[in-house]
Amino acid sequence: MMLQESTVSVDDYDTAVKQAKQMHSIMGQYNGIGLSAPQVGIRKSFFIMGDKEKAWVIVNPTILEYSNDKVLLTEGCLSYPGLFLNVLRPETVTVEYANDKGKRITGKLEGIISRVFQHEHDHTQGITYDTLVSRLKLSMARKKLLKRARTSKR
């Protein structure tokens, strides 16, 4: 059973925000668009999402509502370099979180922002994207990754 990461308390808030801002350089270094605290060994519920220029700090995220419409898109993960999987996720989500200033934000997300939020939120719940596909699809994707690795060594 996967363990849910603990929420960030008021006492830990400033530390979490500082850690999140440090995570931005790691995310950028590996061309990511999201990185969660559990991915870097911090057992707290926060993540960042964005790009090399700017990242949003998401603390104590909650998904309040998932849309019934789902979209199948390819996802990667910094925890699994080079492994790309087609993952079915809700198209939109209504979320709540605290930003880097401690302000509670509630809103509806769609498109890539919705997808990244869901992916990183999953990490804070102890879920990784490889568990959201069938064993067959995961096995095929791993074989493809190994083939690419062998081909690139030649």
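One residue is enough: does the range 124-136 have a residue meeting the conditions in contact with a strand residue (DSSP E or B) (Cβ under 7 Å, 6 or more places away or on another chain), part of a loop (DSSP other than H, G, I, E, B) and of a type in the set (A, V, I, L, M)?
Looking through the range 124-136, at least one residue is in contact with a strand residue (DSSP E or B) (Cβ under 7 Å, 6 or more places away or on another chain), part of a loop (DSSP other than H, G, I, E, B) and of a type in the set (A, V, I, L, M).
Look through the range 1-32, keep the residues that are of a type in the set (D, E, K, R) and exposed (fewer than 14 other Cβ atoms within 10 Å of the Cβ), and return whichever of them is modelled with the lowest pLDDT.
For the range 1-32, the residue satisfying everything is Asp11.
Looking at Gly107, is it touching a Leu at 6+ places or on another chain (Cβ under 7 Å), small (Gly, Ala, Ser) and either part of a strand (DSSP E or B) or over 21 Å from Gln19 (Cα atoms) (or both)?
no
Any residue at all in the range 79-102 that is assigned to a strand (DSSP E or B), among the basic types (Lys, Arg) and surrounded by fewer than 18 Cβ atoms within 10 Å (Cβ to Cβ)? Please lay out each step first, then the result.
First, pick out the residues of the range 79-102 that are assigned to a strand (DSSP E or B): 80-90, 92-98.
Retained after the next criterion (residues that are among the basic types (Lys, Arg)): 89.
Filter again for surrounded by fewer than 18 Cβ atoms within 10 Å (Cβ to Cβ), leaving none.
Scanning the range 79-102, I find no residue that is assigned to a strand (DSSP E or B), among the basic types (Lys, Arg) and surrounded by fewer than 18 Cβ atoms within 10 Å (Cβ to Cβ), so the answer is no.
Suppose we filter Leu35, Leu64 for residues that are part of a strand (DSSP E or B), at pLDDT 95 or above, surrounded by fewer than 16 Cβ atoms within 10 Å (Cβ to Cβ) and of a type in the set (A, V, I, L, M, F, W, C); which single one remains?
Leu64 is the lone residue from the list that is part of a strand (DSSP E or B), at pLDDT 95 or above, surrounded by fewer than 16 Cβ atoms within 10 Å (Cβ to Cβ) and of a type in the set (A, V, I, L, M, F, W, C).
Table: residues versus (1) among the β-branched types (Val, Ile, Thr); (2) closer than 19 Å to Ala20 by Cβ.
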| residue | (1), (2) |
| --- | --- |
| Glu75 | no, no |
| Tyr80 | no, no |
| Arg89 | no, no |
| Val93 | yes, no |
| Ala98 | no, yes |
| His121 | no, yes |
| Ile127 | yes, no |
| Ala149 | no, no |
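Would you mention how many residues in the range 100-124 are in contact (Cβ under 8 Å) with a residue 60 or more places away in the chain and farther than 15 Å from Ser79 by Cα?
Of the residues in that region, 5 qualify.
If we keep just the residues of the range 119-141 that are surrounded by 15 or more Cβ atoms within 10 Å (Cβ to Cβ) and charged (D, E, K, R), which is nearest to Tyr66 (Cα to Cα)?
Asp122
Would you mind stating whether Glu75 is outside any loop (DSSP other than H, G, I, E, B), farther than 20 Å from Val133 by Cβ and either of a type outside the set (D, E, K, R) or in contact (Cβ under 8 Å) with a residue 12 or more places away in the chain (or both)?
Spelling it out, it is not the case that Glu75 is outside any loop (DSSP other than H, G, I, E, B), farther than 20 Å from Val133 by Cβ and either of a type outside the set (D, E, K, R) or in contact (Cβ under 8 Å) with a residue 12 or more places away in the chain (or both).
Filter the range 28-55 down to the residues that are in contact (Cβ under 8 Å) with a residue 24 or more places away in the chain, out of contact with any Phe, Trp or Tyr (no Cβ under 9 Å at 6 or more places or on another chain) and either farther than 15 Å from His123 by Cα or of a type in the set (Gly, Ala, Ser) (or both) and list them by number.
Scanning the range 28-55 gives Gly28, Tyr30, Gly32, Ser45, Lys52, Ala55.
Can you pull out every residue in the range 103-118 that is surrounded by fewer than 15 Cβ atoms within 10 Å (Cβ to Cβ) and not basic (Lys, Arg)?
Ile105, Thr106, Gly107, Glu110, Gly111, Ile112
The values are calculated or read from the model by the stated rules, or taken from the named source; none is laboratory data. Computed from a predicted structure; not experimentally measured. Please note: Cβ atoms are built from the backbone with ideal geometry, for glycine as well, and neighbour counts cover all protein chains shown.
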